[in-house]
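The values are calculated or read from the model by the stated rules, or taken from the named source; none is laboratory data. Values in this document were obtained by computation on a predicted structure and should not be read as measured data. So basically every Cβ, Gly included, is an ideal-geometry build from the backbone, and we count neighbours across all protein chains shown. Side chains are part of the model used for accessible areas, which takes the heavy atoms of the whole protein and leaves out ligands, DNA and RNA. Shrake-Rupley method; radii C 1.70, N 1.55, O 1.52, S 1.80 Å.
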Amino acid sequence: MARRIHTLVWHCTATPEGKDYTRAQIKAMHVARGFRDIGYHKIIHLDGKVSPGRPESEIGAHVKWHNLGTLGYSYVGGLDKKGKAKDTRTPAQKAAMIKLTKEAISRYKLRAVLGHRDLSPDLDHDGMVEPHEWVKQCPCFNAALEYAGLL
């Protein structure tokens with residue numbers, strides 16, 4: 001039976017601006033954290049090239065408690081030179097991310113495109129996940145807003 005996918009979740013690798021990382025390096029980071037394999041389904045490099053991660057037919061390891069019906073795509077970057085959260089996407093990454101988002105929406109008839117931070121718990125139970133509740137700032141931009149027009 002095919003995996004039912006309803007949401008694309010965008011991530012950043014939380015790595016320094018301007019420094020590219022290979023798929024192997026990202027996999028090694030994930031394995032060191034206890035994952036059996038790379039957690040993301042796709043990785044977007046600084047030049048816009050896309051590396052495959054975990055097969056989309058397999059459940060990812062990218063958002064605790066939200067992996068079952070989701071895809072996890074990540075761009076390389078997300079931190080400034082001082083290690084602070086920053087939208088570091090290059091024009092080539094942004095173009096590739098739009099293309100991949102459109103393809104996933106079409107292929108899976110997605111209901112939502114979110115950022116990792118949007119799946120943080122609503123700690124004050126007001127029905128909204130606000131910046132003070134984010135577990136992480138990842139992906140360092142508002143993915144839900146940026147891609148809303150594509151749904």
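What to note about this one:
- Here the Gaussian network model covers the chain, with springs between Cα atoms less than 10 Å apart; of VAL113, VAL31, VAL50, VAL31 fluctuates the most.
- If a spin label sat at a point 7 angstrom from the Cα of ALA92 along the line to its beta carbon, the backbone N atoms of the range 1-38 nearer than 14 Å would be those of 18-22.
- Of GLN25, GLN137, GLN93, the one that fluctuates the most in a GNM where the chain has Cα springs shorter than 10 Å: GLN25
- MRE, 222 nm, helices only [DSSP H, n ≥ 4, -39500 (n - 2.57), over the chain, to nearest 500]: -6500 deg cm²/dmol
- Extension gain from HIS66 to LYS99, taking 0.36 nm per residue of separation minus the Cα-Cα distance: 9.5 nm
- Pair ALA28, LYS82: separation of 7 Å Cα→Cβ label points (nm): 2.9
- Candidate residues HIS116, HIS41: accessible-area rank, largest first, probe 1.4 Å: HIS116, HIS41
- Under-5 Å amide H pairs with GLY115, H placed in peptide plane, nonlocal only: TRP10, ALA143, ALA144
- Average accessible surface for the chain: 54 Å² per residue, computed with a 1.4 Å probe over protein heavy atoms with every protein chain in place.
- Sparse-neighbour loop sites [trypsin sites (Lys or Arg not before Pro); the range 8-80; at most 11 other C-beta within 10 Å; DSSP]: ARG33, ARG36, LYS64
- Choice from TYR75, TYR108, TYR21 with maximal GNM fluctuation in the chain (Cα, 10 Å cutoff): TYR108
- The range 1-40 and the range 82-106: distance between their alpha carbon centers, rounded to Å: 14
- Where Cα atoms sit under 13 Å apart: lysine pairs in the range 36-118 separated by 8 or more or lying on different chains: 4
- With every protein chain in place, the chain: carbon and sulfur % of accessible area (1.4 Å): 58
- Based on the Stokes-Einstein relation at 25 °C and a viscosity of 0.890 mPa s, and on the Kirkwood radius from alpha carbon pairs, the chain is assigned a translational diffusion coefficient of 158 µm²/s.
- Length added when fully stretched, ARG4-LEU151, from 0.36 nm per residue minus Cα-Cα: 51.2 nm
- Relative to its residue count, the range 15-97 spans a Cα convex hull of 99 Å³ per residue.
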